[in-house]
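Below is one structure, written out as structure tokens; the observations come after it.
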Amino acid sequence: FDVVDHSTYVFLGDGCLMEGVSHEVCSLAGTLGLGKLICLYDDNGISIDGDVAGWFSDDTPARFRAYGWHVVEAVDGHDPQAVSDAIAAAKADLGRPSLICCKTIIGFGAKNKQGTAATHGAPLGDEEIAVARETLRWPHEPFEIPQAIRTAWDATEIGRAHEARWLALFEAYAAEFPEQAAEFQRRMNGELPEDFDRRAGQAVTTIAAEAKDMATRKASERALNELGEWLPELLGGSADLTGSNNTFHANSSAIAAGAGGNYVFYGVREFGMAAIMNGLALHGGFIPYGGTFLTFADYARNALRMAALMEQGSIFVFTHDSIGLGEDGPTHQPIEHVASLRLMPNMRVWRPCDAVETAVAWRDAIARRNGPTSLILTRQGLPHQLRTSDQIDAITRGGYILFSTPATPEVILIATGSEVGLAMAAAKQLAEERVEVRVVSMPCVELFDSQSSDYREHVLPAAVTARVAVEAGSTGLWWRHVGSGGAVLGIDHFGASAPAKQLFEKFGITSEAVIKAARSLK
């Protein structure tokens, strides 16, 4: 029952092949033998700056043969039959992706401007349009589609027949394999299992009961071990950092040429990985996730933005989230990255403080199908935080009261990720000094900001202006939560190479610094 039998087509030009991501993804496609991938290359030799020969002299067919692709050269891109024949040859080669090199003339027919950059984006002008009409023998009015062409391109009946054949095939498949057919339909409809809320909630409860201290990258793997067992649509991967990202869970199996699985070893291809994840999300049937170090999110920036713009549910796992990674130094220590991701419209950013918040973050990311999620995770171990069941439920609001002395707070400490532990230690010391103090864990600022004004007032009463925010990253965005009378502890310069504990002490991100800031405000 060959119910999944389609090819994937890509139209690309000279500029696309100059972009670095083309090497990343085409190299991987050749390695994996993606025989249903067919790319049509509009080889017209022109970009906005003119004839590309001055800056693009690659032997493109040789390049793609070196990747292991099937290549069809020198196809007349203006000859529909030649293109059709090349596509048929490509579809027949299921062991290799295909590149069809279609030689074309940009602006074909506008004989005074064709083959030049003048036709790339600028209007032809009335005179040249008249010349093109004469050259192409095109007498029809603007926007008029001649009936002969309309009829030739009308695939209504052909499409109806194809659809009927497929539906009959699927009906036969469903009759013999009803469970698999129902699962296929569920996944292609983008629906989660009916018992998702119950089972995902149970996973959170199980992890909370374990009460283990651990790095949140390890907590992420723990959550995946729970969820991956019964969510076959999870398709994971990592950009050459699997052992560091902890993205390969207990039910993962590697995809290789000719072998199915649910995990892609992307190699050192951060941009390619993120772009492929978006393609998987757009295709449907999968919930893609992929990991790398947070500082390498810069390499994938365009794809992250496209995921947000296209409202696709890609899940980006970013570990080694701060100066806490230690001796790798400032090149690997992300300072501005969390803030920059929070600035991206429709990107939901989670920076959990322990295994429980990490499990909730995963549950939220999987359930969210109208936009991407970035999970920001630590290398270093973090303490488990005790919570009531109501507090666990409140994590889904993005920010909640983790600790509070009985009376109205004199000072509020706001923290995320590894800094929640610092805030809790500071709060306990302040409470011993008879300071009324509250700790707000805010693992997802975007979710908290989307809550009702009543809830936000409950967590952060406007009357309490003595507020300290602490996060081991750039400070700029926190001022809207602490106000002009508050304080923000963070780092607004690049880091240094040293053990994590020394770095936090050196740059003043400690419980002592939080206590000092709180005392100065109350």
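Here are the numbers for the structure shown:
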read-out: Count - residues of segment 325-346 that are crowded, with 20+ Cβ neighbours inside 10 Å and under 12 Å from the mean Cα position of the chain (by Cα); value: 1
read-out: Test: residue in segment 375-390 that is touching a Lys or Arg at 6+ places or on another chain (Cβ under 9 Å), within 22 Å of GLY201 (Cβ to Cβ) and either crowded, with 23+ Cβ neighbours inside 10 Å or modelled with pLDDT under 95 (or both); value: yes
read-out: Strands (runs of 3 or more DSSP E) wholly inside segment 237-338 containing at least 1 residues that are within 25 Å of ALA223 (Cβ to Cβ) and free of Cβ contacts under 8 Å to residues at least 40 places away in the same chain; value: 263-265
read-out: Any chance ALA423 is closer than 16 Å to LEU386 by Cα and out of contact with any Phe, Trp or Tyr (no Cβ under 8 Å at 6 or more places or on another chain); value: yes
read-out: Residue within segment 340-351 that is among the small types (Gly, Ala, Ser) and part of a helix (DSSP H, G or I) present; value: yes
read-out: Count of segment 314-324 residues which are under 23 Å from TYR266 (Cα atoms) and either surrounded by fewer than 24 Cβ atoms within 10 Å (Cβ to Cβ) or hydroxyl-bearing (Ser, Thr, Tyr) (or both); value: 2
read-out: Helices (runs of 4 or more DSSP H) wholly inside segment 91-208 containing at least 1 residues that are at pLDDT 95 or above and open to solvent by less than 50 Å² (accessible area, probe 1.4 Å); value: 126-135, 156-176, 178-188
read-out: In segment 47-56, residue farthest from the chain's Cα centre (by Cα) [restricted to those that are open to solvent by 20 Å² or more (accessible area, probe 1.4 Å) and hydrophobic (A, V, I, L, M, F, W, C)]; value: ALA53
read-out: Residue satisfying condition, being touching a helix residue (DSSP H, G or I) at 6+ places or on another chain (Cβ under 6 Å) and not hydroxyl-bearing (Ser, Thr, Tyr), within set ALA117, ALA174; value: ALA174
read-out: Any hit, segment 349-359, residues being more than 21 Å from GLY508 (Cβ to Cβ), open to solvent by 50 Å² or more (accessible area, probe 1.4 Å) and at pLDDT 95 or above; value: no
read-out: Close pairs (7 angstrom Cβ cut-off, 6 or more residues apart or separate chains): within 24 Å of LYS111 (Cβ to Cβ) in segment 133-155, of a type outside the set (A, V, I, L, M, F, W, C) and open to solvent by 80 Å² or more (accessible area, probe 1.4 Å) anywhere; value: THR135/LYS111
read-out: Residue selected from segment 454-489 under the condition in contact with a strand residue (DSSP E or B) (Cβ under 7 Å, 6 or more places away or on another chain) and small (Gly, Ala, Ser), by the criterion nearest to MET442 (Cα to Cα); value: ALA469
read-out: Residue within segment 34-43 that is without any contact (Cβ under 8 Å) to a residue 60 or more places away in the chain, assigned to a strand (DSSP E or B) and either buried (at least 17 other Cβ atoms within 10 Å of the Cβ) or over 33 Å from the mean Cα position of the chain (by Cα) (or both) present; value: no
read-out: Selection status of ALA211, over 30 Å from PRO383 (Cβ atoms), of a type in the set (Gly, Ala, Ser), surrounded by fewer than 19 Cβ atoms within 10 Å (Cβ to Cβ) and out of contact with any strand residue (DSSP E or B) (no Cβ under 9 Å at 6 or more places or on another chain); value: no
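The values are calculated or read from the model by the stated rules, or taken from the named source; none is laboratory data. These figures come from a predicted structure and were not determined experimentally. Cβ: placed from backbone, ideal geometry, glycine included. Neighbour counts: every protein chain shown. For accessibility, only protein heavy atoms count, side chains too; no ligands or nucleic acids. Shrake-Rupley method; radii C 1.70, N 1.55, O 1.52, S 1.80 Å.
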